[in-house]
Amino acid sequence: MTNQIEMQFAKLKLHGMSKTWTALRETRKNQSLSLSEGLELLLQAEELERDNRRFKRLETNAAFRYKASLEELKLDKARGIDDMMLTTLATGEYINKGEAVLITGATGCGKSYLASALGHQACILGFRAAYFNTQKLMLKTKMARLEGTAMKFFDKLAKTDLLIMDDFGLTHLEKQQQLDFMEMIEDRHGKKSTILVSQLPVSSWYDIIGEETIADAILDRLVHSSYRIELKGESLRKKM
């Protein structure tokens, strides 16, 4: 009977139930549990197993720059990290509302780490995330246009719950890049969340984008309803 139960677990791919059933049997706790108690434990184990598998899949697909979590962040208002704002962001409600998060600060102050931690939290909550270096993302859009797959590529980006673009503003955007960037932001405005990470203050982004009309459209959708985090202090890399 035990072998038959284990075979059914395997056949139905109920891996969480299988592990817990084995543990209950080895410790003989299954003999002291009622049917409803045992079933509750098995179902809880299966739910947890599936949640963990989904999280690992989401995290792998997101390709974050760092393995980071909000719990590991050092909350220091002097560095520009407000614990109340971080608590709000940790709920993921900004993702549900399609709001943006703008993270700025000098090189090495922890911008990418913070963005990775927010992405990690999004995956825990079950959201699909994607992490890109902005220049590499622009290159991918260029290649997609050359290959005739631009519509499919933009559609995939538009469906991503949280899009993180790191190192924004290291170079000025070319004409097609301006249009591509605007399309990304337009597709996501009020629907999906975007995190932009930059060494430059938001006040300089207008010049980075270049063309006035496009810059107005992009910044209007990003700036006014966004969470702003300006990290301060010397480079954390100097302390390592």
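At a glance:
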{"item": "Any hit, segment 163-170, residues being part of a loop (DSSP other than H, G, I, E, B) and among the acidic types (Asp, Glu)", "result": "yes"}
{"item": "When residues of segment 21-75 are limited to those that are assigned to a loop (DSSP other than H, G, I, E, B) and more than 30 Å from residue 113 (Cβ to Cβ), the one most open to solvent (accessible area, probe 1.4 Å)", "result": "28"}
{"item": "Any pair with Cβ under 8 angstrom, 6 or more apart, that starts in segment 1-19 at a residue that is within 10 Å of residue 42 (Cβ to Cβ) and ends at one that is among the basic types (Lys, Arg) and open to solvent by 50 Å² or more (accessible area, probe 1.4 Å)", "result": "16/50"}
{"item": "Pairs, first small (Gly, Ala, Ser) in segment 35-47, second open to solvent by 100 Å² or more (accessible area, probe 1.4 Å), C-beta under 6 Å, six or more apart", "result": "none"}
{"item": "Which listed residue, of 189, 224, 172, is open to solvent by 70 Å² or more (accessible area, probe 1.4 Å) and touching a residue at least 60 places away in the same chain (Cβ under 8 Å)", "result": "189"}
{"item": "Any hit, segment 128-150, residues being touching a residue at least 24 places away in the same chain (Cβ under 8 Å), under 30 Å from residue 211 (Cα atoms) and among the acidic types (Asp, Glu)", "result": "no"}
{"item": "Close pairs from segment 109-123: first farther than 15 Å from residue 162 by Cα, partner of a type in the set (Phe, Trp, Tyr), Cβ under 6 Å, at least 6 apart", "result": "113/66"}
{"item": "Residue that is most open to solvent (accessible area, probe 1.4 Å) [pool: residues in segment 1-20 that are of a type in the set (A, V, I, L, M, F, W, C) and in a helix (DSSP H, G or I)]", "result": "7"}
{"item": "Residue in segment 155-169 that is open to solvent by less than 80 Å² (accessible area, probe 1.4 Å), among the hydrophobic types (A, V, I, L, M, F, W, C), farther than 17 Å from residue 111 by Cα and touching a residue at least 24 places away in the same chain (Cβ under 8 Å) present", "result": "yes"}
{"item": "Only listed residue being touching a residue at least 60 places away in the same chain (Cβ under 8 Å), out of contact with any helix residue (DSSP H, G or I) (no Cβ under 8 Å at 6 or more places or on another chain) and within 30 Å of residue 103 (Cβ to Cβ), chosen from 57, 79, 65", "result": "79"}
{"item": "Failed item in (1) of a type in the set (A, V, I, L, M, F, W, C); (2) in a loop (DSSP other than H, G, I, E, B); (3) more than 21 Å from residue 63 (Cβ to Cβ), with residue 214 passing the rest", "result": "(2)"}
{"item": "Of residues in segment 124-150 being over 28 Å from residue 96 (Cα atoms) and part of a helix (DSSP H, G or I), the one least open to solvent (accessible area, probe 1.4 Å)", "result": "144"}
{"item": "Residue match in segment 96-107 (condition: assigned to a helix (DSSP H, G or I) and free of Cβ contacts under 8 Å to residues at least 60 places away in the same chain)", "result": "yes"}
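Residue-wise test of (1) exposed (fewer than 14 other Cβ atoms within 10 Å of the Cβ); (2) under 15 Å from residue 64 (Cβ atoms); (3) of a type outside the set (Val, Ile, Thr).
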site: 99; (1), (2), (3): no, no, yes
site: 103; (1), (2), (3): no, yes, no
site: 112; (1), (2), (3): no, yes, yes
site: 153; (1), (2), (3): no, no, yes
site: 181; (1), (2), (3): no, no, yes
site: 194; (1), (2), (3): no, no, no
site: 199; (1), (2), (3): no, no, yes
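The values are calculated or read from the model by the stated rules, or taken from the named source; none is laboratory data. This one's a predicted model, so the numbers in the text were calculated from it and none came from an experiment. Here Cβ is always computed from backbone atoms with ideal geometry, including for glycine, and neighbour counts include all displayed protein chains. In case anyone asks, the SASA skips ligands and DNA or RNA and just uses the protein heavy atoms, side chains included. Shrake-Rupley method; radii C 1.70, N 1.55, O 1.52, S 1.80 Å.
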